[in-house]
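Okay, so here's the structure we're looking at.
Quick note: the coordinates plus some simple rules give every number you see, no bench work behind them. The model shown is predicted, which means the values in this text are computed figures rather than measured ones. No Cβ is skipped: glycine too gets one built from the backbone with ideal geometry, and neighbour counts run over all protein chains shown.
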């Protein structure tokens, strides 16, 4: 599997990515305590899981070790910039190096941190890293139609609805659609240029610049660009 081979080098995995509101850092084993609390919460399970009810303790532990500190995803802990409080997690998974794509996931586990813009900025930072540093072409995600707060956040970060699986989940006594959203690198780049022209938010970061390249020289074809950025070759 290409994705696992690329992850082994870890060259694409930053130690930290900082914004105005949050800073993203690699997970540490001590974060398991927070994961056990977040994913045992029925309200968070309602928003994030296909299965009714929260995760069992053993499921949470396996999930944490595989996805947060393991090699199954580029997972980052979300900390509040001013206080360093750990409030959630976000990740890129199922990286397809040949086609320049990945899936995005985010959970703000501390419910009293909802609605403060932390998740939107974390998403913007991860998208900027995926396109600017890794050279990916497409980031996609799925969200349940009743999760209106998340949908607004994803739209603010630049994602567009591209389709829906009709009545894909039974929740709260009725059927709901599962919505598919995505953002492409050219769309993100246009947003960067617009924000730079306006002197806008810092979290819409410009792509990382390779000092070995001359100014104004475009990236090589995307497939080669993705592999070169991740593997260093």
Multiplying the sequence separation of residue 168 and residue 16 by 0.36 nm and subtracting their Cα-Cα distance, what value in nm do you get? 51.1 nm
Using 0.36 nm per residue, how much length does the chain from residue 160 to residue 190 gain when fully extended, once their Cα-Cα distance is taken away? 9.4 nm
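Just to be sure I understand: of the beta bridges DSSP finds with both ends in segment 2-199, what percent are antiparallel, rounded to 5? Working shown, then result.
Working: 37 of 40 bridges.
Bridges in segment 2-199 are about 90 percent antiparallel.
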For the pair residue 47/residue 85, report the inter-label distance in nm, with labels modelled 7 Å from Cα in the Cβ direction. 1.5
Work out how much length residue 146 to residue 71 would gain on full extension: take 0.36 nm times their residue separation and subtract the Cα-Cα distance, in nm to one decimal. 23.9 nm
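Note down, for segment 2-199, the three equivalent ellipsoid semi-axes (square root of 5 times each alpha carbon gyration tensor eigenvalue), biggest first, whole angstrom. Working shown, then result.
Details: eigenvalues 115, 89, 65 Å².
That gives 24, 21, 18 Å for the three semi-axes.
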Pairs of Cα atoms under 8 Å, at least six residues apart: use those to get the relative contact order of segment 24-143, whole percent. 20
Neighbour-count order for 167, 116, 110, fewest beta carbons within 10 angstrom listed first: 167, 116, 110
